[in-house]
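Asks: I have a structure I would like to understand better, so I am pasting it below and will then ask my questions one at a time.
The values are calculated or read from the model by the stated rules, or taken from the named source; none is laboratory data. As the structure is a computational prediction, the values presented were derived from the model and not from experiment. Here the Cβ is made from the backbone with ideal geometry for all residues, glycine too, and neighbour counts use every protein chain on show.
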Amino acid sequence: MDKNKGIEESALFVMDGVEAAHDGMQSGTPKKFRKKKVEKIDIQELAREVRAGSRTKLSKAITLIESSNADHKAQAQELLQELLAHTGNSIRIGITGVPGAGKSSFIEAFGTMLCDMGKKVAVLAIDPSSSLSGGSILGDKTRMEELVKKPNAFVRPSPSAGTLGGVHKKTRETMLVCEAAGYDVILIETVGVGQSETYVRGMVDFFLLLVLTGAGDELQGMKKGIMELADAIVVHKADGDNVRLAKKTVSEYKQILHFLQPATPGWMSTALPVSSWENRGLDKVWDTIGEFKQTVVANNFWSIRRQNQTKEWFQSMITDHLIDSFYGDPARKEQVQLLERQILNGQLTVTQGVDSLFCDDNI
């Protein structure tokens, strides 16, 4: 019993909790003809257990939120309504970086340090999604082995599901549920494979960019726009023979940042050398985040950014709803397929095809 409880309360335990219940049909009935039942969840009880700090129930709540089932979506919104008054008390930190920069190792070392300081840390680790299966390419639920042992840590791997910015489309809602569960530091790890990072910037308070040594070479493959979004740049893997070069790279980035528009009004973005392997510089990163919050709260931009986050979320949800509604109509799907054939056969231009979809007669 104790052994099972230990497994269920693991920081990486993911509930199957919203799977369909037994439908009562005989076992010999072909699966494709069975009608799935949606489990009726006691939303108020689930909300209470999430707020009480149960990682098992938190996993179940997130599974519910990520579900594409219509009934689950409705239940998820009920849950969020129950929890909304208890959200907003964390600091939300987005972490991105070039491939190979060591995002996962940094998050494990940084999160472990924060847990040892008594903080409750939630990590929303986003794995790339396969364009074929839709599942995580890495499928890596065993990363951050030290962090997941901490009782005050919660690590949730989710596929990015093709969402712009390298985050799951329900990351915002997942973040709110973690806040309601009492997690005061939310770390969002992005895929970091070149998608627009503005989406991530729009949901976090502090945006951290991880880079490697050699700023000149690094900038060749990095968009200036990503640097303009960063509140701090971590020059990672600053250990061993790399320490001297890392310090030089930090100086180069500080010079570059001096000429860029600040990512946050009233805050001068900076660069820091960090070694997750040797646990050096992690405390300086946390001190920098603390100084950032103090500065931004004082100039009132903290609340302004939070309001902007909510507005951007609202706008993105409108877009998602329009797309779902458009393609949810079977007749519209057939029309799109017909127009595609006509376009490929040279009977219509792409613009004419789009115009025909949205002409008054079809609306």
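Each row is one residue, and each column tells you yes or no for (1) closer than 24 Å to Y199 by Cα; (2) assigned by TED's automatic domain parsing to the domain that holds G290; (3) surrounded by 14 or more Cβ atoms within 10 Å (Cβ to Cβ); (4) at pLDDT 95 or above.
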{"position": "A230", "(1), (2), (3), (4)": "yes, yes, yes, no"}
{"position": "N242", "(1), (2), (3), (4)": "no, yes, yes, no"}
{"position": "A246", "(1), (2), (3), (4)": "no, yes, yes, no"}
{"position": "I256", "(1), (2), (3), (4)": "yes, yes, yes, no"}
{"position": "F259", "(1), (2), (3), (4)": "yes, yes, no, no"}
{"position": "W267", "(1), (2), (3), (4)": "yes, yes, yes, yes"}
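Asks: Here's something else I'd like to know. Can you confirm whether V297 is under 27 Å from L84 (Cα atoms), of a type in the set (A, V, I, L, M) and free of Cβ contacts under 8 Å to residues at least 60 places away in the same chain?
Replies: Spelling it out, V297 is indeed under 27 Å from L84 (Cα atoms), of a type in the set (A, V, I, L, M) and free of Cβ contacts under 8 Å to residues at least 60 places away in the same chain.
Asks: While we're on this one: In the set R51, R34, R92, which member is farther than 30 Å from T213 by Cβ, surrounded by 11 or more Cβ atoms within 10 Å (Cβ to Cβ) and modelled with pLDDT of 85 or more?
Replies: That would be R51, the only listed residue that is farther than 30 Å from T213 by Cβ, surrounded by 11 or more Cβ atoms within 10 Å (Cβ to Cβ) and modelled with pLDDT of 85 or more.
Asks: Could you list, in sequence order, the residues of the stretch 210-228 that are closer than 23 Å to T310 by Cα and at pLDDT 85 or above?
Replies: The one that is closer than 23 Å to T310 by Cα and at pLDDT 85 or above: E228.
Asks: Since W277 meets every condition but one in (1) part of a loop (DSSP other than H, G, I, E, B); (2) surrounded by 19 or more Cβ atoms within 10 Å (Cβ to Cβ), which condition does it not meet?
Replies: Every listed condition holds for W277 apart from (2).
Asks: Also: List the helices (runs of 4 or more DSSP H) that sit entirely inside the stretch 43-115 and contain at least 3 residues that are among the hydroxyl-bearing types (S, T, Y) and not assigned by TED's automatic domain parsing to the domain that holds L209.
Replies: In the stretch 43-115, the matching helices (runs of 4 or more DSSP H) lie at 55-66.
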